[in-house]
Amino acid sequence: MIGTIVLLDREECIRLLATHCVGRIAVVDHGRPHVVPVNYTMDGDAVVFRTAVGTKLDAASRSAVAFEVDDLDRETREGWSVVVHGLAQEVTPYDRPDIVRRVRSLDPVPWATGDKPHVVRIAPHTVTGRRVRRPDPDPDR
Amino acid sequence: MTPVTREALLEELAVDECWALLATHMVGRLAVATLDGCPVVVPMNYVVSGNGIVFRTDDGTKLRAIGNGRASFEVDAVDPHRGTGWSVLVRGDVYEATSWELAGVTLDAWAPGPKRLWLRLAAREVTGRRLDVAGFEPDERGYL
């Protein structure tokens, strides 16, 4: 059974992003797309995550990225997904002081131990989302 | 600060285990590059077929904008409360599937739309990680 799609407005997308903590960031590195899961937190409408030196996520500093979060139920086949397109930029002491202060106070918690000195912030350009709904409840449920 | 060794936290999965995990799931995220080199990522329901992944999509989606055919596909199952789970990455080339490649393949679309286009991602590289207690983060290779 095929569901219906509802487009989500930006405000709803940001609200949904704030309810989760694992997303997937896609970058293009020398023409090759790369997608990895990261844990993240939100700074208003911006996505913030930590990364280590020398990762492929280096391609994510000062470049266009796509960031995706979803919550899809395989039983009901309902759920939502949100995609942020924007410019990823490492937060450094040379950034605007209000951003540095805010991001430091957020301190996106690295779940794993190890040195993750780089904090990357995605300034959103577009934020889009979709929700898939079943047209009718399944009669067997 | 002495970092805890990642070996204690992250177990690299064998290729056959990656394929077995891929077969247990139905939704992943496909990342491609547009012609102008921008990344696009979309959740897709999928089915494993041979050494590849098959998707259905509409003609009009952004995936039509696939630049060089390179693609990266990610599937994960993470419990954020316990900090456990796994992720698998499939990298390769995505192209419109031929009818013989689709023989015996069934894939229901979750979302509406004509879904006229059948895509297949031929795997060049399949890697995966299982994470233990204490959390997860991309390692130096950039994934869990």
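General remarks:
- On the basis of the beta-carbon distance and an R0 of 22 Å, B:Asp16 and B:Arg124 show a calculated FRET efficiency of 0.85.
- Subtracting the Cα-Cα distance of B:Met26 and B:Ala77 from their residue separation scaled by 0.36 nm leaves 17.2 nm.
- Take each residue in A:64-75, count the other chain C-beta atoms within 10 Å of its C-beta, and the mean is 4.
- Between A:His125 and B:Thr106, the modelled labels are 4.2 nm apart [label points 7 Å from Cα along Cα→Cβ].
- Table column - 3J(HN,Hα) (Hz), the stretch B:19-35, Karplus curve with 6.51, -1.76, 1.60, x for Gly and Pro: 5, 5, 5, 4, 6, 8, 10, 10, 10, x, 10, 9, 10, 9, 10, 6, 4
- Pairwise label distance in nanometres, A:Arg101 with A:Val6, each label 7 Å out on the Cα-Cβ vector: 3.9
- Taking label points 7 Å from Cα along the Cα-to-Cβ direction, A:Leu87 and B:Thr98 give a separation of 4.5 nm.
- Computed FRET value (nearest 0.05) for A:Leu72 with B:Asp36, which takes r as the C-beta separation and R₀ as 35 Å: 0.75
Bear in mind that the values in this text are calculations on the coordinates, not laboratory data. Since this is a predicted model, take the numbers as computed values, not measurements. Backbone-built Cβ (ideal geometry, glycine too); neighbour counts: all protein chains shown.
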